[in-house]
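Peer 1: Pasting a structure here, questions to come.
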Amino acid sequence: MTRATWVLPALAFASALLAWDAQGQSLSSGTIGGVAKDESGAVLPGVTGDAASPALIEKVRTAVTDDQGVYRIVDLRPGLYTVTFTLPGCGRQPVVNLSA
């Protein structure tokens, strides 16, 4: 398999982790994170994840996977996000309707 045929089953790896205010239990911010892997299960370092949502003032927030393929997009306002993963030379893989 070539890296050009990478697949990010990001729904399996992405999870929305919500941060709750300890006093009022009100939603304050969230995180979308996980591990980027190809279809063989090998981790993918250097994958860029762009989280886009109308909930963000800047409209897009970006993170890059580390050497272990781990990514975390933090301090997200509550809402639905489309996360597009890009690996240089291999293309893009969007994942829609992730909650934060």
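The values are calculated or read from the model by the stated rules, or taken from the named source; none is laboratory data. From a predicted model like this one, the values you see are computed outputs, not experimental measurements. Cβ: placed from backbone, ideal geometry, glycine included. Neighbour counts: every protein chain shown.
Peer 1: Determine the pairs where a residue that is farther than 15 Å from residue 30 by Cβ, located within the stretch 47-72, has a partner that is hydroxyl-bearing (Ser, Thr, Tyr) and in a loop (DSSP other than H, G, I, E, B) with Cβ atoms under 9 Å apart, the partner being 6 or more residues away or on another chain.
Peer 2: Sorted first by the residue in the stretch 47-72, then by its partner, the pairs are 47/65; 48/65; 59/53; 60/53.
Yes/no per residue for (1) in a loop (DSSP other than H, G, I, E, B); (2) touching a strand residue (DSSP E or B) at 6+ places or on another chain (Cβ under 7 Å); (3) at pLDDT 90 or above; (4) β-branched (Val, Ile, Thr):
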residue: 19; (1), (2), (3), (4): no, yes, no, no
residue: 24; (1), (2), (3), (4): yes, no, no, no
residue: 28; (1), (2), (3), (4): no, yes, no, no
residue: 31; (1), (2), (3), (4): no, yes, yes, yes
residue: 34; (1), (2), (3), (4): no, yes, yes, no
residue: 39; (1), (2), (3), (4): yes, no, no, no
residue: 45; (1), (2), (3), (4): yes, no, yes, no
residue: 49; (1), (2), (3), (4): no, yes, yes, no
residue: 58; (1), (2), (3), (4): yes, no, yes, no
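Peer 1: Let me ask you something else. From the list 36, 63, 51, which residue is in contact with a Ser or Thr (Cβ under 7 Å, 6 or more places away or on another chain), of a type outside the set (D, E, K, R) and within 21 Å of residue 99 (Cβ to Cβ)?
Peer 2: 36
Peer 1: For the stretch 81-98, which positions are surrounded by 14 or more Cβ atoms within 10 Å (Cβ to Cβ) and over 10 Å from the mean Cα position of the chain (by Cα)?
Peer 2: 86, 87, 90, 93
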